[in-house]
Amino acid sequence: MLRFRFLLLGAVLLSTGPALAQAPAAPPPTPMGLTSSSFTDGGIIPDKYTQAVPSPISPQLSWTNAPAGTQSFTLIMHDPDTAPGHNPTDILHWMAFNIPATVSALPEGVPTTPTLADGTVQPNNFGKHPGFMGPGARGAVYHHYTWELYALDNKLTLGPDATREQVLAAMNGHVLGKAVVSGRFHRPLM
């Protein structure tokens, strides 16, 4: 009787084993994407978004495939090709956090105010002003300007006086996804 049970169990396993082994795996989720209609990823940033003009405006940005559970977004734009004051911190050109999870784009020309009507907070950039600061590198070499968008599972409990270090520390452990787009710019020496 015991032998019959083992044979029956073996037959069941053999008949279902191949079916289990051939079950298709679920496709991985599509990663979050960040693009701009103002410039191509890796391309030259047009002057109207840079310090080549007296009043640069922020470029348009849009994103797709935010992870499930996203409660807010944080945007950080910086120039990783610099080391002002001979230290490892680069130049922060724009930071915005608590961008609502329902938002999937920022228009061209976001106001440079500490807070926006939708609750987005824009701390001071390297130039000590809230909101966007256009690229301004001088010289013969192009600098790369990077926009990093983070999807978070919470909203940050920080205000417009927050530093980048404080924002990054508050984000730690809450990042669900990240997307990056970059552009290049330089101004000839005068």
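The values are calculated or read from the model by the stated rules, or taken from the named source; none is laboratory data. Predicted model, so just to flag it, every value in this text is computed and none were measured. Backbone-built Cβ (ideal geometry, glycine too); neighbour counts: all protein chains shown. Calculation scope for accessible area: heavy atoms of the full protein, side chains included, ligands and nucleic acids excluded. Shrake-Rupley method; radii C 1.70, N 1.55, O 1.52, S 1.80 Å.
At-a-glance table
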item: Meets criteria (more than 15 Å from the chain's Cα centre (by Cα), assigned to a loop (DSSP other than H, G, I, E, B), at pLDDT 95 or above and among the hydrophobic types (A, V, I, L, M, F, W, C)) for ALA169; result: no
item: Positions within region 97-149 being assigned to a strand (DSSP E or B) and either closer than 23 Å to PRO67 by Cβ or open to solvent by less than 10 Å² (accessible area, probe 1.4 Å) (or both), in sequence order; result: PHE97, ASN98, ILE99, PRO100, ALA105, LEU106, VAL121, TYR145, THR146, TRP147, GLU148, LEU149
item: Residue in region 3-23 that is more than 15 Å from the chain's Cα centre (by Cα) and modelled with pLDDT of 95 or more present; result: no
item: Whichever residue in region 39-82 is of a type in the set (Val, Ile, Thr) and open to solvent by 10 Å² or more (accessible area, probe 1.4 Å) and, among such residues, is nearest to PHE132 (Cα to Cα); result: ILE57
item: Residue within region 150-161 that is within 26 Å of ILE44 (Cα to Cα) and surrounded by 14 or more Cβ atoms within 10 Å (Cβ to Cβ) present; result: yes
item: Enumeration of residues in region 87-109 that are farther than 14 Å from MET77 by Cα and either out of contact with any strand residue (DSSP E or B) (no Cβ under 8 Å at 6 or more places or on another chain) or of a type in the set (Val, Ile, Thr) (or both); result: ASN87, PRO88, ILE99, THR102, VAL103, PRO107, GLU108, GLY109
